[in-house]
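Accompanying notes for the structure given below.
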2 protein chains.
Amino acid sequence: MLLRAVLGIAFLGVAAVSSAGPIEDQIKFRQGAYTFIGWNTNKIKAQLDNPDSFSKEEVIAAANAIAAAANSGLGALYGPGTDKGEGFRKTRLKSEFFEKPEEAKKVALQFNLEANEFAKVAATGDVGQIKAKFGKLTQSCKSCHDSFREKEAK
Amino acid sequence: MLLRAVLGIAFLGVAAVSSAGPIEDQIKFRQGAYTFIGWNTNKIKAQLDNPDSFSKEEVIAAANAIAAAANSGLGALYGPGTDKGEGFRKTRLKSEFFEKPEEAKKVALQFNLEANEFAKVAATGDVGQIKAKFGKLTQSCKSCHDSFREKEAK
């Protein structure tokens with residue numbers, strides 16, 4: 001009975017962490033989410049690079065998409081073991097993500113903060129502020145990539 | 001000069017439609033976006049299937065993510081030729097999508113409407129209404145899949 005209780009608790013623990021399902025699904029959902037975020041980031045960059053045709057609506061829509069993704073609970077997709085495995089393709093998450101939980105939490109919170117701040121600034125349509133805050137947002141992406149993502153294979 | 005002008009116009013046309021870049025990128029961004037939408041849809045279904053642990057916050061976050069994705073201009077990822085090609089994997093978009101533009105527009109607008117309606121209802125926390133509107137939202141997904149998406153290979 002004790003063994004069953006221990007196993008039960010262990011199982012609950014895993015179930016809670018892996019609410020997004022098998023490791024392969026977590027990695028696939030993660031890759032989908034960040035690809036979606038990347039597409040929206042590209043769109044904002046394209047707008048800022050072409051001030052003559054700047055579309056406030058496009059920037060707002062992309063900013064809202066990034067903020068909603070940042071607020072969607074992506075942390076649930078980082079269950080134990082998801083630094084190895086394949087979703088759409090092999091994950092590039094480094095094992096350091098699990099070895100340095102405090103740093104991982106810090107970069108995650110920073111991304112969430114910058115994404116929500118950026119959505120607020122985008123809504124104002126002030127290009128100067130949008131540009132400044134976009135720099136902060138993409139810096140928060142880079143901080144995480146630098147620490148926890150393998151470089152792309154050449 | 002006439003030829004150059006004609007080619008120039010043709011090029012602009014392609015450039016405008018393909019603002020998301022090469023066909024492979026459009027397909028990859030599309031697959032990323034719908035994978036992200038699917039993950040959020042799964043989360044809402046899991047909440048509705050488990051009323052004893054229903055989390056209003058999780059449903060709201062997932063609903064906002066789906067609405068923001070629906071509002072993010074996914075149409076730009078359906079440029080000519082994107083019914084053939086590979087993103088993360090081979091696209092399942094049927095050629096009928098380009099042959100029946102009115103029907104394609106109709107299902108796209110319906111998804112957009114239902115996604116935004118659902119986000120409003122999710123914010124109220126009324127489980128009965130959430131369940132009813134979630135049925136409408138997933139029906140709008142299914143309508144498009146039935147018409148324009150190849151069945152998954154067995």
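Quick notes
- Helix runs (DSSP H) in chain A reaching 27 Å along axis by Cα, Kyte-Doolittle at least -0.5: A:101-124, A:127-148
- Set of lysines near A:Lys90 by C-alpha distance (under 21 Å), chain-local residues within fewer than 8 positions excluded: A:Lys28, A:Lys142, A:Lys151, A:Lys154, B:Lys28, B:Lys90
- Dividing the convex hull volume of the alpha carbon atoms of the protein assembly as shown by its residue count gives 173 Å³ per residue.
- Accessible area of the stretch B:84-136 belonging to carbon and sulfur atoms, whole % at 1.4 Å probe: 55 percent
- Remark: spin-label model distance B:Asp126-A:Glu57 equals 3.1 nm, labels positioned 7 Å along the Cα→Cβ axis.
- For the protein assembly as shown: accessible area per residue (Å², 1.4 Å): 57 Å²
- Peptide A:59-66 has a mean shielding of 4, counted as Cβ atoms of other protein chains within 10 Å of each residue's Cβ.
- Per residue, the convex hull spanned by the Cα atoms of chain A measures out at 121 cubic angstrom.
- Chain A contacts chain B over a buried accessible area of about 1800 Å², both sides summed; the probe is 1.4 Å and only protein chains count.
- Accessible area of B:Thr138 (1.4 Å probe, protein heavy atoms only, ligands and nucleic acids ignored): about 50 Å².
- In this simple spin-label model, placing a label point 7 Å from the Cα along the Cα-to-Cβ direction at both B:Asp49 and B:Glu99 gives a separation of 3.6 nm.
- Shown here is the pair-distance distribution of the stretch B:87-154: with all Cα-Cα distances grouped in 5 Å bins from zero up to the longest one, the shares run 4, 17, 21, 17, 16, 12, 9, 5, 0 percent.
- Computed over the Cα atoms of the stretch A:16-87, the ratio of the radius of gyration to the Kirkwood radius (Rg/Rh) comes to 1.14.
- Total formal charge among the other residues, if their Cβ is under 13 angstrom from that of A:Gln47, Lys/Arg +1 and Asp/Glu -1: 0
The values are calculated or read from the model by the stated rules, or taken from the named source; none is laboratory data. In this text, all values refer to a predicted model and were calculated from it rather than measured experimentally. Methodologically, a virtual Cβ is constructed for each residue, glycine included, from the backbone with ideal geometry; neighbour enumeration extends over all protein chains shown. These accessible areas exclude ligands, DNA and RNA; they are computed on the full protein's heavy atoms, side chains included. Shrake-Rupley method; radii C 1.70, N 1.55, O 1.52, S 1.80 Å.
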